[in-house]
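Every number here is computed from the coordinates shown, using simple stated rules; none is lab data. These numbers come from a predicted model, not from an experiment. Neighbour counts run over all protein chains shown; Cβ positions are idealised from the backbone, glycine included.
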């Protein structure tokens, strides 16, 4: 994905740097490099499922992510990237749905429906804009469009409810590579005056991909009877956390 604007990215970076001197808890070196969380508990919880446990089959995918804080009066930290790592042998079939070849300009002018048959998933989110109950003001609704070797994310920034029929303030378009290894979503956030990191912060994400056949499970089920799927969360204040879900499969 691309940053919403160069200017907002610069401000966000400056805000993050400033905030790093204001954190109440220290950051510690994590094994293997990077920084560990200032909170002892994970910064997020995840729930991830496939729609089939059969090897070598078309599958859908659903995920729920909640961003957490160990202190109830403190907002979640702002996440910079979310990576989804598929299990070994997982497949992406670009022939299972029409590939969208529309340019960004065409998508802006005509909307995601210009590639309606290429829409393979959706996501809704709640965002903390920096004041109490601010998530009620509006939220993004995203449609995932199958591109040529990529995932095109068409984001509606909406007032009120986050859904296809919400009132869109303005759309955004992001592109990210997609293959059998997985994909990475970048999350550009605007600055705010609220701690802990002075950025807008995701509170939750609900994501669904359909099961028409773009995604295919590995050809075999491991001896453990599970397929490991890992999500990586990189935060603006330098922390990276990984969470692996072991999805049952049929042997």
**OP:** Could you list 221, 115 in order of exposure, starting from the residue whose Cβ has the fewest other Cβ atoms within 10 Å?
**Re:** 221, 115
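Take peptides 47-60, 143-156, 95-108 and line them up by average Cβ neighbours within 10 Å, highest first, as a rough protection proxy.
Working: 47-60: 16.8, 143-156: 21.1, 95-108: 14.4.
The densest-packed peptide leads the list: 143-156, 47-60, 95-108.
For region 135-229, what relative contact order do you get, as a whole percent, if you take Cα pairs closer than 8 Å and at least 6 residues apart? Could the numbers behind the result be given before it?
Numbers: 109 pairs, mean separation 15.6, N = 95.
Relative contact order here is 16 percent.
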Subject >> residue 179 versus residue 106: modelled label distance in nm, points set 7 Å from Cα along the beta carbon direction >> reply: 2.5 nm
Subject >> Cα→Cβ-extended label distance, 7 Å offset, between residue 206 and residue 45, nm >> reply: 1.6 nm
Subject >> Nitroxide proxy distance, nm - points 7 Å out along Cα→Cβ at residue 81 and residue 96 >> reply: 2.5 nm
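If you take the C-alpha gyration tensor of region 72-153, multiply each eigenvalue by 5 and take the square root, what semi-axes do you get, largest first, in whole Å? Kindly include the intermediate steps, with their values, before the conclusion.
Values: eigenvalues 182, 75, 19 Å².
Largest first, region 72-153 gives 30, 19, 10 Å.
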Original post:
If each residue's Cβ is checked for other Cβ atoms within 10 Å, how do 227, 73, 200 rank with the fewest at the top?
Top reply: 73, 200, 227
Original post:
What number in nm² do you get for region 110-220 if you take the convex hull of its Cα atoms and divide its surface by four?
Top reply: 8.5 nm²
